[in-house]
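Nothing in this text is a laboratory measurement; each read-out follows from the coordinates by a stated rule. The structure presented is a predicted model; accordingly, all values stated were derived computationally and were not measured. Cβ coordinates were reconstructed from backbone atoms using ideal geometry, including for glycine residues, and neighbour counts include every protein chain displayed.
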Amino acid sequence: MNSPKIFAGSSNPNLAKLVSQKSKIPLGDIELGNFSDGEVDVWVKNDVNNSDVFILQSNSTEVNKHIVELALIADALKRSGAHKITAVIPYFGYSRKEKQSRPGEPISAKVVADLITSSGINKIICLDLHADAIVGFFNVPVIYLSALETLANRIRKEKLSSPVVVAPDVGGVRRARNFAAYLNAPLAVIEKHRQTNKRDAIEVLSITGELIGDTAIIVDDIISTGGTIIESAQVLKRKGVKKIIVCAIHGVFALNAIKNLEKSPIDKIFVTDSIANRIKNNKIQNVSVAGLFANCLLQEI
Ligand code: R5P
């Protein structure tokens with residue numbers, strides 16, 4: 001049996017490196033590239049016959065490329081005789097389309113889960129999916145990790161006085177409640193309405209729960225355009241909250257998100273490295289999930 005290896009897709013090589021350093025599971029030798037027409041190509045250079053292998057790939061921007069790359073790496077490993085192929089997917093793109101909101105729509109998260117697992121993956125390790133039900137979309141065993149405790153531990157170091165944890169929409173209440181429990185803090189909920197005719201536009205309706213104290217911590221799974229947390233922060237400011245912190249798992253930071261977040265009333269944003277983050281910005285702080293994944297991988301070999 002060959003020794004286990006971690007193969008890094010092109011989405012988040014830094015996280016793969018950190019997980020490798022922490023777990024002492026070496027990185028595999030892999031060449032990733034594109035044909036001139038844009039098709040993805042991969043080449044696994046190690047002998048992986050009969051070995052347990054991990055592929056670390058977030059389906060983040062460029063999402064479609066990363067999904068295909070993950071599937072091709074898995075296929076290459078399978079054809080090279082790997083014994084067990086585990087896909088480590090820190091950010092699972094397409095997760096926000098986990099149900100039909102109107103007839104005629106796809107359930108994209110299910111399609112992507114099927115695409116990925118049809119390439120020979122035996123197990124999935126993922127982190128804070130947009131909806132927990134997505135775990136059931138995979139026809140292979142799933143280890144479902146959460147970075148909430150890691151983020152809560154980081155927030156504790158800020159020594160905030162009596163913060164209120166805020167869910168920026170009803171769908172995020174369970175996540176925010178779990179986070180509030182780690183901090184022993186009260187919970188408030190913003191009811192958000194998304195206009196179906198405008199993909200990224202939101203409207204805030206109301207807040208339930210008491211906004212006691214000066215500080216609010218908005219907890220969300222994804223920051224994409226930043227619209228949700230900026231709108232929530234503006235509402236909280238109007239309600240008299242003085243300090244606004246955001247804790248989010250996945251920093252997609254699409255379009256002008258960074259510029260808009262800079263101008264927003266948000267004081268600090270803590271986001272994990274589930275998605276590669278090359279942003280140099282004082283407001284946005286990185287909290288690594290490398291240790292979480294490294295511990296999990298060590299249990300698997
Ligand atoms: C929505 O239901 C999610 O939990 C996030 O709130 C949303 O994806 C964030 O997107 P944006 O940053 O574009 O508002």
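One Cα centroid belongs to segment 240-301, the other to segment 101-180; the line between them spans 15 Å.
Taking the beta-carbon count within 10 Å as an exposure proxy, list 91, 182 from fewest neighbours to most. It would help to have the intermediate numbers written out before the result.
Numbers: 91 31, 182 16.
Ascending Cβ contact count within 10 Å gives the list 182, 91.
Over all pairs of different C-alpha atoms, segment 1-116 has a mean inverse distance whose reciprocal, the Kirkwood radius, equals 14.9 Å.
On a 22 Å Cα-Cα criterion, which of the cross-link pairs 17/259; 157/237; 242/268 come out too long? Walk me through the intermediate numbers first.
Working: 17/259 29 Å; 157/237 24 Å; 242/268 12 Å.
Beyond 22 Å between Cα atoms: 17/259; 157/237.
Note on segment 162-291: with charges restricted to the Cβ of Lys and Arg (+1) and Asp and Glu (-1), its dipole about the Cα centre is near 260 debye.
How big is the charge dipole of the chain about its Cα centre, in debye rounded to the nearest 20, if each Lys and Arg gets +1 on its Cβ and each Asp and Glu gets -1 on its Cβ? Mind dumping the intermediate values first?
Values: 37 positive and 30 negative charges, 192 e Å.
Once rounded to the nearest 20, the dipole reads 920 debye.
In terms of surrounding Cβ atoms within a 10 Å radius of their Cβ, 88, 142 rank from fewest to most as 142, 88. Over the chain, dividing the summed -39,500 (n - 2.57) contributions of all DSSP H runs of at least 4 residues by the number of residues returns a 222 nm mean residue ellipticity of -9000 deg cm²/dmol. Result for the chain in a Gaussian network model with C-alpha springs under 10 Å: among 279, 222, 266, the largest mean-square fluctuation is at 279. Which part of segment 16-57 falls in the paramagnetic zone of residue 1, meaning amide N under 15 Å from the point 7 Å along Cα-to-beta-carbon? Answer for segment 16-57: 48-54.
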